[in-house]
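To start, the structure under review is shown below, and the notes come after it.
The values are calculated or read from the model by the stated rules, or taken from the named source; none is laboratory data. Here the structure is a predicted model, which is why all the values come from computation and not from measurement. Because the Cβ atoms are built from the backbone with ideal geometry, glycine has one as well, and the counts that use them run over all protein chains shown.
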Amino acid sequence: MPTRVRKAVFPVAGLGTRLLPATKSIPKEMVTIVDRPLIQYAVDEAREAGIEELIFVTGRGKSAIVDYFDQAFELEATLKGKGKSLDVLEPSNAKFGEVVTVRQQQPLGLGHAVWCARHIVGDEPFAVLLPDELMLGKPNCLAQMVEAYERVGGNLVAALEVPDSETHKYGVIDPGATDGPLTEIRGMVEKPAPGTAPSNLMLPGRYILQPSAMRALDAQEKGAGGEIQLTDAMAKLIGNEPFHAYRFDGERYDCGSAAGFVIANIAVALQREDVGPAVREFVAGA
Ligand code: G1P
């Protein structure tokens with residue numbers, strides 16, 4: 001049985017320039033999908049998958065994320081005084097010691113952000129979730145991956161098909177043998193030049209990695225865009241330990257862009273019992 005995945009790293013230091021001006025004074029992770037900030041969805045996904053420690057790699061101007069998961073005594077007292085339920089706050093209240101933060105002081109890339117959490121992760125497997133990517137499914141994406149990981153161990157990344165015209169925007173895998181939702185990985189490349197991608201299977205930002213990934217990141221080598229890329233560090237592990245792609249059964253929404261955010265809002269709203277009917281009526285008539 002592989003070592004259980006207890007810790008998850010959330011890289012949340014990015015500037016969110018594609019969502020300006022909204023992200024001028026609030027982190028993009030705090031922009032809402034219906035009535036919850038984006039980060040809540042990734043945290044819910046991690047918790048449901050059995051994660052016990054949430055490691056936020058933050059940066060300047062990102063304190064609102066950490067405050068959000070704190071207990072709001074004044075707010076709770078006010079709501080109580082008015083006889084209102086506190087249930088709505090429940091998912092935002094971290095358990096004692098559940099949230100740990102570390103700063104990425106310079107924007108040196110996703111690989112660098114993950115590496116900044118190396119002392120907190122220590123010598124055990126860990127998950128990485130990119131909160132921009134909203135993944136909806138039952139069980140959720142990371143939970144499906146954890147279930148597969150418990151069978152095959154090693155390293156596991158979610159993978160999804162995209163049109164060939166989009167592969168240059170993502171990390172892309174070179175797939176080997178496939179067994180159900182699992183595909184062996186022969187290689188991977190970050191943001192391949194158009195027409196050069198080894199497949200159209202992209203990495204949508206869910207990873208289960210062994211501590212060896214942190215050691216691979218120690219080299220701090222720069223890759224695509226002059227940044228330290230997580231994809232490059234993972235590529236070094238292939239051949240040394242099992243490395244699989246997991247074809248997630250569910251929906252993915254790229255909330256890094258304005259259109260993706262709006263689409264995600266509609267998709268989530270339509271699934272909700274409370275706001276769903278009104279939104280469905282509006283969309284049908286639009
Ligand atoms: C990052 C990763 C890339 C992944 C993508 C998913 O890229 O480096 O491998 O496919 O997230 O959104 P970024 O979007 O930060 O350029």
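One table, with the values for the structure above:
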item	result
Filtered residues of the stretch 226-256 (kept if in contact with a Lys or Arg (Cβ under 7 Å, 6 or more places away or on another chain) and of a type outside the set (Val, Ile, Thr))	256
Cross-chain or 6+ apart pairs with Cβ under 6 Å, the stretch 144-169 first and on the phi < 0 side of the Ramachandran plot and at pLDDT 95 or above, then surrounded by 22 or more Cβ atoms within 10 Å (Cβ to Cβ) and part of a helix (DSSP H, G or I)	156/145; 156/149; 158/141
Condition check for residue 106: among the polar types (S, T, N, Q), more than 13 Å from the ligand (Cβ to nearest atom) and not in a helix (DSSP H, G or I)	yes
Scope the stretch 192-204; condition in contact with a strand residue (DSSP E or B) (Cβ under 9 Å, 6 or more places away or on another chain) and either more than 16 Å from the ligand (Cβ to nearest atom) or over 24 Å from residue 151 (Cα atoms) (or both); matching residues	192, 196, 197, 198, 199, 200
Positions within the stretch 2-29 being in a helix (DSSP H, G or I) and not acidic (Asp, Glu), in sequence order	17, 18, 19, 22, 23, 24, 28
Where residue 218 falls short, out of the listed (1) more than 15 Å from the ligand (Cβ to nearest atom); (2) at positive phi; (3) modelled with pLDDT of 95 or more	(2)
Any hit, the stretch 31-53, residues being more than 19 Å from residue 128 (Cα to Cα), touching a residue at least 40 places away in the same chain (Cβ under 8 Å) and in a helix (DSSP H, G or I)	no
Residue satisfying all of: in the stretch 229-242; among the aliphatic types (A, V, I, L, M) and more than 10 Å from the ligand (Cβ to nearest atom); surrounded by the most Cβ atoms within 10 Å (Cβ to Cβ) among these	233
Any hit, the stretch 188-195, residues being modelled with pLDDT of 95 or more and touching a Cys at 6+ places or on another chain (Cβ under 9 Å)	no
Subset of the stretch 266-286 [touching a helix residue (DSSP H, G or I) at 6+ places or on another chain (Cβ under 9 Å) and of a type outside the set (A, V, I, L, M, F, W, C)]	272, 276, 280
Subset of the stretch 56-102 that is within 18 Å of the chain's Cα centre (by Cα) and among the polar types (S, T, N, Q) - its residue that is surrounded by the most Cβ atoms within 10 Å (Cβ to Cβ)	58
Residue in the stretch 11-43 that is farthest from residue 118 (Cα to Cα), counting only those that are small (Gly, Ala, Ser) and surrounded by fewer than 17 Cβ atoms within 10 Å (Cβ to Cβ)	22
Residue list for the stretch 121-142, restricted to those being more than 15 Å from the ligand (Cβ to nearest atom), part of a loop (DSSP other than H, G, I, E, B) and of a type outside the set (Gly, Ala, Ser)	123, 124, 125, 138, 139, 140
Condition check for residue 189: of a type in the set (Val, Ile, Thr) and away from the ligand (no atom under 16 Å from the Cβ)	no
Residue list for the stretch 162-186, filter: within 13 Å of the ligand (Cβ to nearest atom), within 20 Å of residue 128 (Cα to Cα) and among the charged types (D, E, K, R)	169
Only one of 209, 217, 201 that is buried (at least 18 other Cβ atoms within 10 Å of the Cβ), of a type outside the set (Phe, Trp, Tyr) and in contact with a His (Cβ under 8 Å, 6 or more places away or on another chain)	217
